[in-house]
Structure formats: structure tokens, C-alpha cells
1. Kindly sort Val622, Val450 by accessible area of their heavy atoms, largest first, with the probe set to 1.4 Å.
2. Under the Karplus relation 6.51 cos²θ - 1.76 cosθ + 1.60, θ = phi - 60°, what is the ordered set of whole-Hz ³J(HN,Hα) values for region 462-469, x standing for Gly and Pro?
3. In what order, largest first, do Met740, Met150 sit by accessible area if the probe radius is 1.4 Å?
4. Using packing as a proxy for protection, rank 318-324, 755-761, 591-597, 223-229 so that the peptide with the highest average count of other Cβ atoms within 10 Å comes first.
5. So what are the ³J(HN,Hα) numbers for region 407-424, from phi and the Karplus equation (6.51, -1.76, 1.60; θ = phi - 60°), rounded to whole Hz, Gly and Pro as x?
6. What accessible area per residue comes out for the chain, rounded to a whole number of Å², with a 1.4 Å probe?
7. What number, rounded to the nearest 500 deg cm²/dmol, is the helix-based mean residue ellipticity at 222 nm of the chain, given -39500 (n - 2.57) per DSSP H run of at least four residues and division by all its residues?
8. What nm value, rounded to one decimal, do you get for the distance between Ala171 and Val118 when each label is placed 7 Å out toward the C-beta?
Amino acid sequence: MFAKFARFNTKYWAWVLATWVVVAVALKFVAPRWDEVTHDGDFAYLPTRLTSVRGEELLRESFPELATKSSIVLVVARPEGRLRDEDKDMAVHLAEMFAPKEGEKSPVASVMSHEEDVLGKKLISPIGLHGQAVLVLLQLNNEFMAVDNMKFIQGVYKQVDELKKDPDFPAGLQLGVTGSAPIGSDMLWSMKESIDNTELTTIILVIAILLIVYRSPGLVLVPLLSIAASFIVSIDVIALVAQSCELHGVDFQIFKTTQIFIVVILFGAATDYCLFLIARYREELERGLEPKAALEEALSQTGHALTASAMTTILGLGAMVFADFGKYRSGGPTIAMSLVVALLACLTVAPALLRAFGRSVFWPLGIGDKATGQSASRIAATHARLAGDPAFDGKNVGRFWPWLARKIIARPGSILVGSFLFLAIPAWYGLGVPITYDMLAELNSKRTSVQGMKLLEQYFPIGETGPITVLVWDKGGNFDTQEQRGRIASLTQTLKDFRYVDSRGEACNPILKVRSLTSPLGEPLHGARGVMITNHPRSKAMFLSSHDRYAGEVLRFDLICQYDPFSHESMRMFTQLEHWLHDFKEPAKSEWHDVSFDFVGITPGIRDLDAVNMSDTRLVGVLVSLSVLGVLIFLLRRPLISLYLIFTVLFGYFVSLGLTHIIFSWLYGASYQGLDWKLPIFLFVILVAVGEDYNIYLVTRVFEEQRRRGPLEGLRVALIRTGGIITSCGVIMAGTFGSMATGTLRGMIELGFAMALGVLLDTFIIRTILVPAFLALLAHRQVDAVVESSPIEAAASHYDNRTRELIHAATGK
């Protein structure tokens, strides 16, 4: 198959290059811009069966006037003592400054300040050790991570900074800006910085490593042009597919952060593919073939291994299409599409460029006698090898790989056991790594929204930053009667009295306040004032639906808890609360038997996200492993070796995960809550798939050499021949993954570090030691079987000189 393809590609190389140019230009005219079709956010892509998704939909339909999509919280704080009149005037001034003006286009839907009737009181904090604060709440029409918010948020930051510099600004007063919209915009800015930093670092790293490896500008240019072609075409193809899916109602989205993965994986993988092709091309030229014939031979010999190695990654990422979580379901196939384009570029563009440049691509070092002073013996050895003489001593590939090959063949069992024992402890840690869903922890602590949140938490309970909203829906019922007030007040108190058994096994009351129709401020109300507040139109609009078919049927309860809404304790508490409410309404005699409970807020959202993430991680893990195993068995036709190769990359995954946990827990200290929640699944998919690439390159070459030289000598030669090039590929891939650590998002830094560590582990230990040692054990068994079943001289005649020496040394004959 690849022989015909290679002949076609080398014969019509100019047409191949022209076709890529035409396709790239045409796509620029028809494909939408990347930013026009990308999305972001997490909770929006959860399955609709989950309570947080159902609750969000019910809230939007039953309280449409309250269902704003994001908010900005302005914090006005007096660190020492009570707020002064001028401080409160500043809060009023901020509310007026950002209130929507008639005829002015603004994302602000409404503004709430402490002067608001009834509910404005909850925006003023009690006097505490840190003084007192008042909030100004801006409700926005845009999603919290909408690009349209960014310009407005930047304007808010600028105006607040200018206010602080005003000579009339009250001395000692502090201003902060936070809320979902500023956090979302800071996330988008951090993503852009991370993408820009990653792209620049990746390009510089790839160029630097290629120059070090080849020291020939032409050999740097070939991979870079192939990568550029694949990146430009893949980005436009993906954007075009996303646009088409949206037009036809197909559930497929692409996300802003996906571009980071496309950059690092495409650059790393495409460079690896080109390196293997070039290395084999050089071998064939050294053999004495003309450039056209050498290129045909190189492409026909490496094409199947390159395709198989790419397919492991493509199928691994493609398996994520079966995930429940929308970002996984679309993100994996998106990256896989870019790798399909990269593979095509490396099988067409790279050979076409090599054909166009000819031998000049190796300038200034050249090949043959121009490349090294010992090239004559090197070429002679190559000629002899291909003519059937197995005399390959590895003298021209340095000392390390021949030394390592001898050691592994001599003592494979001891090396294998020792290596596994050495890595057992970090692998054990990797089996139970904690993860965190804290979005705020993703951002740099110097971000304005993070500093604003820290200021807010000094004056208000941390649960105020993310209340749990309970929606009670009585289909066909009516809560808007005086008789129902007692029932609502009873449920309010019942929720307030909820007992939770925390992670230490201690029972407590975690809910600090419950705001409801009968307690709008979350505190007891008495007398005429209480009647006035509970019957106020604002209170009814906040806690009792009056919209269309939901009028009088849906109640809202806001629960303020003592835990950080992003914390595992908060998630655990919410799960107990959900089960408790289910049991509470279950008896047929319960007055709440016929209602349904749904939940909205940060904690319900991340609890559901955690459940889906854990489920998807297990499912995708199985599917990826089976997909890669299928490719290995199809390619190698050796089930035992294929299973072992899968085991080694799984072992490497747990070692990498454990080491990453150990290092970052030490680095972050007390602030460390766990690794980013997206890290385990992406690390698994990429390490298992990419890790098998190097195993495939090694094992296919081992089998090729063993057919020529016998089991042990073939293994030795293959390890020596591939050692340097696979190591170079691993270093390049690790470098591209490591470039993710130059971004500003904490999760990306952790993931980049983990993937770089995993690839280096695979390059220097798994592929270098664990796989060859296992193959050496099998080779020794094969040799022993032949020795036992036939006379020594007859057996030795089936093997090469080196194996014959080993057999005689082993038997003493």
C-alpha cells in the first residue's frame, strides 16, 4: 500500500505541494474565524438529566426577570470601623455610574445597591474585626464568559482605578471588583495569554531542538513547513465543521482552550512523524540510494508505523465522543481531527519537500563522507547489513545505546523488577489523587477579580459568594395564599435545622441562613415590619414565581452555607441535603409529597460536574485502552506483547499522576486542594495514546531487525538504531507539552507539567528499559526453546553470528 503511495508522492511532489497551497487558501475564504465559533464555560455542557441543569432551566422559565446570566459585584469596604456616610455615598455613586442609561447599549440589565427597598439590607455587612463593607450588584445579560463582557469589564476596572486616584476619594476606603462576569473575563484573558505563550514557546522550542538535532536549516524547515500547513488547514477545517454542525443542529462545539491542545499535540506529534521519516531517509541515502529511491523506500518502510502510531492517538481522542460531558465529547474529536490533518501533511508535504530539496536539505553537514569522518565504514556496515551480513557493532551511534542494549539483554529480569519497584511508590500515590473544581484557584492571585473576592470574603460569609438555590415546584398547586405561608415558614425552618455529618464524622448545622418568601433577609421578622417585608412586591418577585404557567407554583429558597461553594465539603454536604430532602417528601402523608425539588448554584453544578467527570474518566479510560489495544494487536499480531505495552503506559500514567500530585502539593503548600479536575482524563488519553507511539516505533523496528538477525541481536540492533531518534522525539514532545506551563492558568500549568513528565518517563524509562527488558525475556525464551529442541549447531545456523556467540556462551559448547 505505502509503496504505491510513496512512488506517487515522490513522482508528483510539485502537484502535492500545490494542492496543499490551494486547499489552505480556499479554506481561508470559506471557513469562519476561530473566535466566531468557539465556546466556553463548564456547567452549560452538562447532561440535561442532572438536577443542576433541570434547576437552571426551571429558574430561567419561572423567574425570567431574575434569570440574568452573570453579575459584577463592587465591594466598598472600610477596614477599620463602621462605614461612613461618604463611604455609602461612594457606593451610591458606583451604582449610578454603571446603571444602564436610556438609549445606551450596555450589558447591564439592572443595578442593586444598599438603598434598594427590602433586599438592599443584605448588601451591608455586619460590623466585624475587619470593619464593614457594602456591595453594589450589577446584573448582566451576557453569559459569565461571554467575549462581549470583556470590553465592559475592562472599562469597569479602569473607572474603579481612576476613582481610587481621585483626590476626593475617601481616605482608607477600599474598592474591589469581583463576581462571575469579572472572573469569567479574567479567565478569558488568561486563556488568551496561555494560548499566545504556548504557541510562542512551542515554536521556539521546536526550532531550537531541531537545530540541535540536525544542525541543518533545511531539516528544520521541512518539519516546520509541514506543521504550519497542518495547523493552518486543521484550524479552518475544524471551524468549518463546527459551523456546519451548528447550522444542521448537530451537537458539536469547539472551545477556546482546545487551541492550546491542538498547538502542543500537533506540533509535538507532527515533528515526531517528520523526524522518523527523515531518519529513515538518511539511512537509505547512506545505503547508497539516489534521493528519489531513498525517499520511496523510507516512506514505504515507515508509513505503516507512522499511520499506526497516529491512529492510536486519533482513536484515543476520538473515544471521548462517548463522554457525557459536552467539553469532553467535542474536545477529544476536535483534537483528533487536527492530528488526521497532521498525519496527512507528514505523509505528503514532508516527503514532497524532501524530494524538492534533494541532498541539499542536509546542508551544510551533508551525508556520507561529508557528515562524519567515519562515514565510509558506516556506509560499508549499512551495505553489509542490508546484504545479509549481520555484523552491526553500533560504533557510530555513540557509547550509551550499545552499552544499554548489552545490559538489558544480559540481565532483563533484574532490570525489569528493579525498575517497577523504583516507580511503585509514585504509582501508588497516583491511584488516589485529589482533584479540585475551584475556578478561582485557576487564576493568578494578582487578577483583579481574585483580589476582589478576597476582599469580599473578609466581610461576608463565604457561602454568600455561591448560595444553594432550592426550587420547589408544585405542579397545579398555588403557594400564593395566606394558608400556604405557614407551610413555607415551616420548610424554611426545617432547611435551617438541617443536620450534616461532615467528613470528620461530626454533626453540625452547616446552613447559616435561609432566604425565602417568609424570610427574605434570612432572619426572623416580627410585627408590622415583618408583614411589610414579606408582602413587598420585591420579596414576592424574588421568591415566588408569577410568570405564565408557573404562576404561584414555584418557590425559591436561597441557602447560605458555612463552606466554600467550590470545596469538597460543600459538595458532600449538598449531596446529603439532596438525599435528605428526597426522604423528607417521600412518605405519602408528607405535605410535600407531590412537589419536586431541584437545585441551582455553584455547589450543585460542581457536584454534578464531579459525578459526570468521574463517570467519563472511567468510561473513556476503558474505551481508549481498548482502542489502542486493538490497533496494537492489528499491527503487531502479538497479543501478549500488545497487552504488556498497554500495561506499561497505564503504569506510566499512574506514576506521572502521583509525581505531579507530590510536586504540586509541596509547591502550593497549604493552599493546595488537589489537581485541576480536567487533568486526569486528558493526561490519561494523551499519555496512553502518545506513549504507544514510541512503543510502536521501537517494536516494529525490533520485529524488522529480528527477522534479519535473530531474536537477541535483532533486539540489540533495533534498540541502538532507534534509541537516539525516539529520545529526540520524546524530548520535543515533552517540550511542547511543557510549554503549556508558560501560561497563566493554574490548571494548564499542572497539565503541561504532568504531560511533559509523563512523556519523559515514557521516553527514558518505559520505552528505554521496561519494554526492551520484556522483549529480551521473550527473546531468551525463544533462544532457549530452540537450543533445547535441536542440536546446537543446527539451532545456531538459524540465527546470526551475535546470537550464535550468546548461545555458545550460555551452553559452554
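The values are calculated or read from the model by the stated rules, or taken from the named source; none is laboratory data. What you see is a predicted model, and the numbers here were worked out from it, not measured in a lab. Every residue, glycine as well, gets a Cβ built from its backbone with ideal geometry; the counts of neighbours run over all protein chains shown. Surface accessibility is based on the protein's heavy atoms, side chains included, excluding ligands, DNA and RNA. Shrake-Rupley method; radii C 1.70, N 1.55, O 1.52, S 1.80 Å.
1. Working: Val622 85, Val450 10 Å².
I get Val622, Val450, largest accessible area first.
2. 4, x, 5, 6, x, x, 8, 9
3. Numbers: Met740 0, Met150 35 Å².
These residues rank, largest area first, as Met150, Met740.
4. 755-761, 223-229, 318-324, 591-597
5. The phi angles translate into 4, 5, 5, 6, 9, x, x, 5, 5, 5, 5, x, 5, 5, 5, 4, 9, 5 Hz.
6. Numbers: 34500 Å² over 813 residues.
Result: 42 Å² per residue.
7. Details: 28 runs with 513 residues, N = 813.
That comes out to -21500 deg cm²/dmol.
8. So the label points at Ala171 and Val118 sit 4.2 nm apart.
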